[in-house]
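Structure, as structure tokens:
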Amino acid sequence: AHTATRLRDGLGLVYGGHGATGGTGPVLPPELYDPAANRFGVLPAPETIRRANHAAVGCEDGTLLIVGGEDDGGPLASVLLFDPVTLQFARAADLLTGRAFARGLVLTDGRVLTAGGDTPGGFATDTVELLRSDGLRRSGPTLGTPRVLHSVTPLVITGKVLVFGGLDRDRNVLASAEIFE
């Protein structure tokens with residue numbers, strides 16, 4: 001339930017998850033992987049919660065957003081910003097709605113799309129949020145179908161995003177897709 005994200009400089013950031021003890025035990029610190037040296041290095045933990053099932057999205061400026069997820073209390077609205085130059089984490093503006101299992105990606109205009117997931121109100125949401133590393137937040141269009149455990153894929157030539165599959169609110173498998181423009 002962690003993320004592993006390639007940074008622009010080729011290093012990889014591993015963030016969050018449950019660890020060997022599941023949802024108990026200490027908070028797992030982030031780790032930075034250097035493939036040239038085949039070595040992991042531990043970074044100071046920027047929070048005191050166990051964040052799992054979150055999204056990690058690289059921004060145009062090289063920073064990384066750690067978005068939502070869940071801890072022992074349910075879906076999180078908090079967002080962290082990781083600066084790979086300073087190796088520091090900072091709190092960014094919260095999401096409008098806490099969400100776990102959401103999917104995110106950077107759009108061609110630099111905004112980060114965060115779509116679907118589980119919210120404090122229930123399983124599978126149809127809400128979308130658009131955010132930037134500078135803290136700008138706003139609601140996006142509503143998905144045609146509430147989704148969780150779905151995929152979002154950029155359609156590079158058109159700048160559109162394909163949202164497909166996943167589960168609906170009744171936990172039925174979705175065999176549908178929609179386009180975000």
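Things to note:
- Carbon/sulfur fraction of accessible area - the stretch 1-82, other protein chains in place, 1.4 Å, %: 54
- Candidates 146, 44, 30: whichever shows maximal mean-square fluctuation once the chain is modelled as a Gaussian network with Cα springs under 10 Å: 44
- Here the stretch 67-90 and the stretch 142-165 have alpha carbon centers that stand 23 Å from each other.
- Value of relative contact order over the chain, rounded to a whole percent, pairs C-alpha under 8 Å and six or more apart: 12
- Multiplying each eigenvalue of the alpha-carbon gyration tensor of the stretch 67-106 by 5 and taking the square root yields semi-axes of 20, 12, 9 Å, largest first, rounded to whole angstroms.
- For the chain, a crude dipole built from +1 on the beta carbon of Lys and Arg and -1 on the beta carbon of Asp and Glu, taken about the Cα centre, is about 120 debye to the nearest 20.
- The stretch 18-66 and the stretch 118-133 have Cα centres lying 22 Å from one another.
- The stretch 41-121 - charge dipole about Cα centre, Lys and Arg +1 at Cβ, Asp and Glu -1, debye rounded to 20: 100
- Based on Cα contacts under 8 Å between residues 6+ apart, the stretch 1-95 shows a relative contact order of 20 percent.
- Stokes-Einstein D for the stretch 86-148, Kirkwood Rh over Cα pairs, 4 °C, 1.567 mPa s (µm²/s): 106
- Solvent-accessible heavy-atom area per residue, rounded to whole Å², over the stretch 33-81 at 1.4 Å: 44
- Spherically averaged projected area in nm², based on the convex hull that wraps the Cα atoms of the stretch 1-95: 6.0
- Principal semi-axes in Å for the chain [√(5λ), Cα gyration tensor, largest first]: 26, 20, 15
The values are calculated or read from the model by the stated rules, or taken from the named source; none is laboratory data. What you see is a predicted model, and the numbers here were worked out from it, not measured in a lab. Because the Cβ atoms are built from the backbone with ideal geometry, glycine has one as well, and the counts that use them run over all protein chains shown. The accessibility values were calculated without ligands, DNA or RNA, using every heavy atom of the protein model including side chains. Shrake-Rupley method; radii C 1.70, N 1.55, O 1.52, S 1.80 Å.
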